[in-house]
Amino acid sequence: MKIMGLDLGDARTGVALSDELKMMAHSYGTLYNKDHEDLLNQLETVVKENNLEAVVIGLPKNMNGTVGERGEMAKEFAKAFEEKFGIKTVLWDERLTTVSAHRVLNETNVRGKKRKKVVDTVSAVFILQCYLDSRA
């Protein structure tokens, strides 16, 4: 069984998947979505193609640890995901994952439009890998 990681966005959502041993997170790609319902419909294919044990969803928190409007939206999405697919969701603090993703993309000299296409997926990989590492 695998674990999926998601970095939710208004228009783009990064998706990552673990290996079967749940040790390494790998990029799956970026989904372009209009709203949460559209995203759930697109994720149906990913769910059907992969035997998922759980989904780790990035939880945006303010730097002081409070959960704001975007965090509440992530919680609502997690609930909708569980209801639709019957798969456990885990909300994971995603503070600074986008900063880390941009740092990696700087180091690998990924710029411009290409960066915009992959930054959400790289963030999803960071979210999932941090979760996987915490289980070890």
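Every read-out reported here was derived from the displayed coordinates using simple, explicitly stated rules and does not represent laboratory data. What you see is a predicted model, and the numbers here were worked out from it, not measured in a lab. Heads up, the Cβs are rebuilt from the backbone with ideal geometry, glycines too, and the neighbour counts pull from every protein chain shown.
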>> Going through the cross-link list LYS22/LYS75; LYS2/LYS88; LYS48/LYS75; LYS22/LYS79; LYS61/LYS84, which pairs have a Cα-Cα distance over 19 Å in this structure?
In response: LYS22/LYS75; LYS48/LYS75; LYS22/LYS79; LYS61/LYS84
> If you build the Cα gyration tensor of region 1-75 and take the root of 5 times each eigenvalue, what three semi-axes come out, in whole angstrom, biggest first?
Replying inline: 22, 16, 10
> In a shell of Cβ-Cβ distance under 15 Å around ASP38, excluding ASP38 itself, what net charge do Lys and Arg (+1) and Asp and Glu (-1) give?
Replying inline: -2
